[in-house]
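The values are calculated or read from the model by the stated rules, or taken from the named source; none is laboratory data. A quick note: this is a predicted structure, and the numbers were derived from the prediction, not measured. When we count neighbours, we look across all protein chains shown, and the Cβ atoms used for this are built from the backbone with ideal geometry, even at glycine.
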Amino acid sequence: MKPKVYYANAKEALDKLKAEGYTTDFNLEENCIVCHQGKFNHDEFEITAIYRYEGDSNPDDESTVYAIESKSGLKGTLVTSYGAYSENLSDEILKKLKG
């Protein structure tokens, strides 16, 4: 999947995605993504869009917004910041996040 940069900033992307039904807030764990409704392994969700943003002057201000849909139909977003990829994430999760 190719990164998209259609919105001026991450907040605008999140607002638009929320209006499109992406209302769940996902977080990363080692082998899955999690939300208040449970855990989803790499084969239980798809990334439907990726939006990458760079800081104006500081690379630490970089962030990525992922639009995610689970196989069960749950839609939400995952936001990662610069350096979020770590050795603690499984290869399957890293591959999925890199698009």
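Can you tell me which residue is nearest to Ile93 (Cα to Cα) among those in the range 19-40 that are within 14 Å of the chain's Cα centre (by Cα) and without any contact (Cβ under 8 Å) to a residue 12 or more places away in the chain? So that I can check it myself, show each step before the final result.
Taking the range 19-40 and keeping what is within 14 Å of the chain's Cα centre (by Cα), we get 22-29, 32-35, 40.
Filter once more, keeping what is without any contact (Cβ under 8 Å) to a residue 12 or more places away in the chain: 29, 34.
Numbers: Glu29: 9, Val34: 12 Å.
If we take residues in the range 19-40 being within 14 Å of the chain's Cα centre (by Cα) and without any contact (Cβ under 8 Å) to a residue 12 or more places away in the chain, then Glu29 is nearest to Ile93 (Cα to Cα).
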* Starting from the range 83-99, take each residue that is closer than 16 Å to Thr48 by Cβ and list its partners that are at pLDDT below 85, counting only C-beta distances under 9 angstrom and pairs at least six apart or across chains. => Leu97/Ala84; Leu97/Tyr85; Leu97/Leu89; Lys98/Tyr85; Gly99/Met1; Gly99/Lys2; Gly99/Pro3
